[in-house]
Amino acid sequence: MCQFIETIRVFDGRPCNLPYHVARVNDTCRHFWNRCFPIPFEQVLREVRFPAGLCKLRFVYDESGVQDVSCQTYVPRKIGSLQIVYDDDVDYSFKKSDRSYLNLLKLQQGDADEILIVKQGIITDTSFTNVAFFDGHQWFTPSAPLLRGTMRASLLDRHAVIERDIRVADLSSYRAVSLINAMLPLRQSELPVTAIRDQRHLLQSD
């Protein structure tokens with residue numbers, strides 16, 4: 001049975017961007033099971049004992065409901081470099097628990113901290129985040145990500161980022177890249193574009 005994951009940022013017991021998570025779960029259920037299968041978010045939240053500060057709430061669900069719930073203090077990964085990986089067949093449109101294809105792509109990571117996936121010539125995501133690029137004035141996020149994340153959706157609705165097709169050849173016109181996901185707001189995990197590697201060398205800014 002196909003299972004899916006939802007990860008929610010919780011600060012001092014308060015879930016962040018909850019409507020976006022509810023919408024994504026409902027979209028997933030309608031797509032795979034042709035019906036809205038409401039996950040009892042309020043019940044899940046009541047049953048979890050949240051530590052103070054920032055924590056990561058994660059639950060696994062399938063057609064029959066919530067199968068596993070966990071909550072732990074969140075410490076972000078330190079990402080200092082990205083390796084570009086090319087794959088025109090990768091598909092991660094829904095947040096499945098099966099990440100085997102992404103894990104295969106990560107085998108091409110080399111000594112970088114994370115991969116940056118290019119599909120059909122367009123930059124998409126890392127293996128675990130959406131991305132946004134800063135040109136000195138505005139943040140832009142790829143218009144065709146592998147997964148339309150909840151933090152990304154929130155940033156778009158607030159006009160904090162703008163969608164745009166971004167190619168590898170375009171990277172020299174940007175100054176910085178920020179990794180974004182449910183746990184990572186814009187600019188929390190940020191690095192210069194010169195830390196993005198293609199298959200042969202570091203990208204150099206103008």
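Name the residue that is nearest to L54 (Cα to Cα), counting only residues in the range 149-169 that are touching a residue at least 40 places away in the same chain (Cβ under 8 Å) and open to solvent by 40 Å² or more (accessible area, probe 1.4 Å).
Checking each candidate, the answer is D165.
Yes/no per residue for (1) among the aromatic types (F, W, Y); (2) assigned to a strand (DSSP E or B); (3) within 30 Å of E114 (Cα to Cα); (4) out of contact with any Lys or Arg (no Cβ under 9 Å at 6 or more places or on another chain):
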residue: E6; (1), (2), (3), (4): no, yes, yes, no
residue: R9; (1), (2), (3), (4): no, yes, yes, no
residue: R24; (1), (2), (3), (4): no, no, yes, no
residue: T28; (1), (2), (3), (4): no, no, yes, no
residue: E42; (1), (2), (3), (4): no, no, no, yes
residue: P51; (1), (2), (3), (4): no, no, yes, yes
residue: C55; (1), (2), (3), (4): no, yes, yes, no
residue: V60; (1), (2), (3), (4): no, yes, yes, yes
residue: C71; (1), (2), (3), (4): no, yes, yes, no
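Within the range 105-143, can you find the residues that are outside any loop (DSSP other than H, G, I, E, B), open to solvent by 10 Å² or more (accessible area, probe 1.4 Å) and aliphatic (A, V, I, L, M)?
Residue satisfying the conditions is I122 alone.
Can you tell me which residue within the range 18-59, out of those that are open to solvent by 40 Å² or more (accessible area, probe 1.4 Å) and among the polar types (S, T, N, Q), is modelled with the highest pLDDT?
N34
Counting only residues that are more than 30 Å from P51 (Cβ to Cβ), surrounded by fewer than 16 Cβ atoms within 10 Å (Cβ to Cβ) and of a type in the set (A, V, I, L, M, F, W, C), how many does the range 66-104 have?
The number of residues fulfilling the criteria is 1.
The values are calculated or read from the model by the stated rules, or taken from the named source; none is laboratory data. Just so you know, these numbers come straight off a predicted model, no measurement behind them. Quick reminder, even Gly has a Cβ in these numbers, built from the backbone with ideal geometry, and neighbours come from all protein chains shown. Surface areas here come from the heavy atoms of the whole protein model, side chains and all, with no ligands, DNA or RNA. Shrake-Rupley method; radii C 1.70, N 1.55, O 1.52, S 1.80 Å.
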